[in-house]
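> A single structure is presented below for examination.
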Amino acid sequence: MKALLILWRRELALAWAGGGGPLLACGFFLCLTVLVPLAAGGDPAGLRPVAGGIAWLALALSSILSLERLFERDLEDGALDLIALGPVPLELTVLAKAKAQWLAVGVPLAVTAPVAAITLGLPPAQAPLVAFSALIGALGFALTGALGAALALGSKRGGLLIAVVVLPLFIPPVVFGAGALERSVNGLSPAPALAFLLAYVLFAAVVTPFAGAAAIRNAQG
Amino acid sequence: MLTVAGLTLSRGERVLFRDLSLSLASGEAVALTGANGAGKTSLLRALAGFLRPDAGSIAFADVDPAEARRRHLHWLGHLDGLKGARRARDELDFQCRWLGAAPEGVAAAVDVLALEPLLDLEVRQLSAGQRRRLAFARLIAAPRPIWLLDEPFAPLDARWRAALGLLMQAHIDKGGAILAAVHDPLPVAARAIDIGAGR
């Protein structure tokens, strides 16, 4: 556990080193949610029915931005070899790095999400649900994103490959998250959609460590 | 401490070596020699668990290989594993503590490798030799019995080659073992194993 804390601290420091990566993701998120109403003609009433879906799509795209660096920079500078010889199995290391990615990027995005959703026309009363669901969804994005980053390790166009691998995997949380908001706006309980969202996160938490570690071992060879 | 039997290793379609056997005993240094492309680095990476051999076995005396690699093995390859944008102090702290070093071990490594004046600099500001000393610190700070070193002295000047030679000798005297891929002789008494001329 102590070793994982050491790794978390380093990952968080790296996320903020050299230009504040999480702020870039949040800025991209807000830009997307400002651009969509402008592109749609500036009619808030027309946008309102799909505001939740657009907010979740923007959240998913913003979550991809810094994934390329998650393992790639450690592979390039040899740190991945060092990490692999640490006291923690590589599977747990993958999980720890995904959680650090969530803390460094996902949580700031979830904090930004209510602002983005309100900009898109969602009622301000939905803000707590937006933040809560985005917090869960961002964990799912970090986990499946870590898997995509591990699978793309060592490829020449890793960033593009991650997007191609990861975006289809992001469909379920986008559907469940947007569904939760839609149900809440229509006066229904968002709990069923949130339960599916949570189930997705748990599934990703089980699959990502093993598949991600296997992909990393393959890339190290 | 380490026994390799009948190891065959290939990279892609190219077979680097076949049926290689070697052993590394406590208190021993082995210099792994061979031409460029002979497979020295690949052999060390296979021993560290980064490459899967085609055939043969790698055994660590009575310890599960995965556990041995997590607890008993140090790896120092061509790449130092250091982040250029971070301060040397932060990288040193991470590398040493990740491998289980105690604070006093880190302090001792800083002292013996004369790293103190470098610690507040960013890693990218350090020379290749200074970065190598910084990376070497983890071997001193977090004692592990088996050192796998790939061209450990390449970026170092004569003074630091000699100093690191003394540290290697001290490790051997304490019962440790060193397997180093080198082109030049090691600065400690070492058994030489030539793995071939390359292809």
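> Taking N as the number of residues in the stretch B:1-156, what is its alpha-carbon radius of gyration divided by 2.2 N^0.38 Å?
Output field value: 1.12.
> Using helices alone, I'd like the mean residue ellipticity at 222 nm for chain B: each DSSP H run of four-plus residues gives -39500 (n - 2.57), total over residue count, nearest 500.
Using -39500 (n - 2.57) per qualifying helix, the result is -10000 deg cm²/dmol.
> What value, in deg cm²/dmol to 500, does the helix sum -39500 (n - 2.57) over DSSP H runs of n ≥ 4 give at 222 nm once divided by the residues of chain A?
-25500 deg cm²/dmol
> What's the FRET efficiency of residue B:52 with residue A:202 using the Cβ-Cβ distance as r and R₀ = 25 Å, to the nearest 0.05?
Computed FRET efficiency for residue B:52 and residue A:202: 0.20.
> Rg/Rh for the stretch B:32-104: what does it come to with C-alpha atoms and Rh from Kirkwood?
We get a ratio of 1.04 for the stretch B:32-104.
> What do you get for the angle between helix B:88-98 and the principal long axis of chain B? Use alpha-carbon atoms, 0 to 90 degrees, nearest ten.
That helix lies at roughly 50 degrees to the long axis.
> Next up: Are there chymotrypsin sites (Phe, Trp or Tyr not before Pro) in the stretch B:102-191 that DSSP puts in a loop and that have at most 13 other Cβ atoms within 10 Å, and which ones?
none
> Taking the alpha-carbon centroid of each part, what is the distance from the stretch B:53-110 to the stretch A:87-151 in angstrom?
31 Å
> Still on this model: Checking the table A:99/B:40; A:97/A:156; A:2/B:83; A:97/B:83 against a 27 Å threshold on Cα-Cα, which pairs fail?
The answer is A:99/B:40.
> Shifting gears a bit: Taking chain B as a Gaussian network, where each spring joins two C-alpha atoms under 10 Å apart, which residue of B:135, B:31, B:108 fluctuates the most?
B:108
> Which three lengths, in whole Å and largest first, does the stretch B:84-143 cover when its Cα atoms are put on their principal axes?
27, 19, 16
> Largest first and in whole Å, give the semi-axes of the protein assembly as shown's equivalent ellipsoid, each being the square root of 5 times a Cα gyration tensor eigenvalue.
48, 22, 17
> What size of dipole, in debye to the nearest 20, comes out for the stretch B:72-125 about its Cα centre when the only charges are +1 on Lys and Arg C-beta atoms and -1 on Asp and Glu C-beta atoms?
220 debye
> Same structure again: With each pseudo-label sitting 7 Å past Cα toward Cβ, what's the residue B:25-residue A:31 distance in nm, one decimal?
6.5 nm
> Any idea how far apart residue A:127 and residue B:3 come out in nm if each label point goes 7 Å out from Cα toward Cβ?
For the pair residue A:127/residue B:3, the computed spacing is 6.9 nm.
> Further question: Taking the alpha-carbon set of chain A, what are its Rg and Dmax in Å?
17.6, 56
Bear in mind that the values in this text are calculations on the coordinates, not laboratory data. This is a predicted model, so every value here is computed, not measured. All Cβ positions, glycine included, derive from the backbone under ideal geometry; neighbour counts span all protein chains shown.
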